[in-house]
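Encoded as structure tokens, the structure appears first; notes follow it.
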Amino acid sequence: MERLWPLFAALVVAGCGAQAAGPGPSPTPSPSGTVSGTNGPFHAQAAPASLPPGGTVHVTLIVTGPIDYEIGCVQTLHIWAEDSQRQQVWEEPVPAIMCLALGHKQLAAGEIAIFTADWPTSSQLAPGTYSLHGLFLTVLPMGAAARVRENLAPLSIQILG
């Protein structure tokens, strides 16, 4: 018990003078919210769901096994943004990484892997709704035809004016 007194005293002193900050003036709309979507083993989230041009959207992808996916010198997660006319306005990776050192990783049932990416929106981006799309590179079975263009649920992002 005597060992806990210094810890308790430190916590009390650390809390002295702490105050909750009130809302301040906001000359531009502030980023807000999170948008998410699930497609099979892929659960994607993007935050903020609305932001002024020039802000950054943070994307988190949670992949749940069982799944076999590509690793090595490939970008496992590809994401891109499209405007309301379905014109691509941004993508990652740019340029696409190409090499011969490919491998794969398997997640057992119930295991998860987390991947992140950022969309640094342009300060010149027009206000409106944009959609984030993605492709997670899974290992295809032998003899499989062509790869799909995207396998993540699209996420709507609002660029404020």
(message) Can you find, within the stretch 55-84, the residue that is nearest to the chain's Cα centre (by Cα) among those that are closer than 19 Å to Ser36 by Cβ and surrounded by fewer than 16 Cβ atoms within 10 Å (Cβ to Cβ)?
(response) Thr60
(request) Would you point out the residue of the stretch 111-133, among those that are in contact with a Ser or Thr (Cβ under 9 Å, 6 or more places away or on another chain) and open to solvent by 60 Å² or more (accessible area, probe 1.4 Å), that is nearest to Pro53 (Cα to Cα)? (result) Pro120
(request) Test His104 against the criterion of being modelled with pLDDT under 90 and in a strand (DSSP E or B), and give yes or no. (result) yes
(request) For the stretch 63-89, name all the residues that are among the hydrophobic types (A, V, I, L, M, F, W, C), at pLDDT 95 or above and more than 19 Å from Phe42 (Cα to Cα). (result) Val89
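Restricting attention to the stretch 37-85, report how many residues are over 21 Å from Ile159 (Cβ atoms) and either touching a strand residue (DSSP E or B) at 6+ places or on another chain (Cβ under 7 Å) or outside any strand (DSSP E or B) (or both).
Number satisfying all stated conditions: 22.
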(message) Here's a check for you: in the stretch 134-161, which residue that is open to solvent by less than 70 Å² (accessible area, probe 1.4 Å), within 17 Å of Ile79 (Cβ to Cβ) and not in a strand (DSSP E or B) is modelled with the lowest pLDDT?
(response) Leu137
(request) Tell me which residues, restricted to the stretch 107-133, are assigned to a strand (DSSP E or B) and in contact (Cβ under 8 Å) with a residue 60 or more places away in the chain. (result) Asp118, Trp119, Pro120, Leu132
(message) For the stretch 122-160, give me each residue that is in contact with a Pro (Cβ under 6 Å, 6 or more places away or on another chain) and not aliphatic (A, V, I, L, M).
(response) Ser123, Ser131, His133
(message) All but one of (1) modelled with pLDDT under 95; (2) open to solvent by less than 50 Å² (accessible area, probe 1.4 Å); (3) more than 22 Å from Val148 (Cβ to Cβ); (4) β-branched (Val, Ile, Thr) hold for Val13; state the number of the condition that does not hold.
(response) (2)
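The values are calculated or read from the model by the stated rules, or taken from the named source; none is laboratory data. Every value quoted in this text rests on a predicted model; they were computed, and no experiment measured them. Ideal geometry is used to build each Cβ from the backbone, glycine not excepted, and the neighbour counts take in all protein chains shown. With ligands, DNA and RNA removed, areas are computed over all heavy atoms of the protein, side chains included. Shrake-Rupley method; radii C 1.70, N 1.55, O 1.52, S 1.80 Å.
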